[in-house]
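To start, the structure itself, in structure tokens.
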Amino acid sequence: MPRTNDDPRARRSRATALAAATELLAEGGPGHITHAAVAARAKVGRATVYRHWPDLQALLLDTLTSAAHPVLTLGHGPFRDELVTYLQQQADWFNRPVSASVIATIMERAERDPAVRSLRDEMSGRAGEHLTDALAAAVARGELRSGVEEHTRDLASRILGPLLFLRLMLGAQPDRETVADTVDAALATWQPHT
């Protein structure tokens, strides 16, 4: 991982280098991220990039971490509406060129790289915890039936799976209606009986 440094110049050069690495990832995948390529794109010295990331793996891991979409966070409003809004933001991120590179790189590298696997597991674990908490709150408000919290992973896969398939396999860009339909289909089983 990069060394911490409170020097504003070091923080700026690190942010510039990460932005350059993210562009390179979007343009050509992880193979395009090298110390030399990042230094050239960021217009900083190669030694500067090495100072922040002594090894290429640390540079790639930080690039993936910085380019990944924020973890699921929902407020206390109507669960379905907030989930659709959040997932539309997620879909907007999916529609950016860098997202396919980030997702594909994490999926591929997690199979054999413990650090990337840890990143993937941490991201999905935090998102799962937030979703479980939001589901429990929705149950307490009477929006969903009790027990849904025990099916967080299944529910997440029923929502994110189709959106990822549309974007990554079919090249489609999910819109708000698609997102809402996907959420409604996944939540149908858990709607309270009226």
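Based on this model, can you work out whether V102 counts as in contact (Cβ under 8 Å) with a residue 40 or more places away in the chain, within 25 Å of L18 (Cα to Cα) and crowded, with 19+ Cβ neighbours inside 10 Å?
yes
Applying the selection to the stretch 170-194, what residues are outside any helix (DSSP H, G or I), within 22 Å of the chain's Cα centre (by Cα) and not aliphatic (A, V, I, L, M)?
Passing the criteria: G171, Q173, P174, D175.
Which residues, counting only those in the stretch 45-65, are in contact (Cβ under 8 Å) with a residue 24 or more places away in the chain and either surrounded by fewer than 15 Cβ atoms within 10 Å (Cβ to Cβ) or closer than 15 Å to I106 by Cα (or both)?
Those that are in contact (Cβ under 8 Å) with a residue 24 or more places away in the chain and either surrounded by fewer than 15 Cβ atoms within 10 Å (Cβ to Cβ) or closer than 15 Å to I106 by Cα (or both): Q57, A58, L59, L60, L61, D62, T63, L64, T65.
Residue under question is A127, and the condition is that it be free of Cβ contacts under 8 Å to residues at least 60 places away in the same chain and surrounded by fewer than 17 Cβ atoms within 10 Å (Cβ to Cβ); does it hold?
no
No value in this document is a laboratory result; all are computed from the given coordinates. All values reported here derive from a predicted model rather than from experimental measurement. Backbone-built Cβ (ideal geometry, glycine too); neighbour counts: all protein chains shown.
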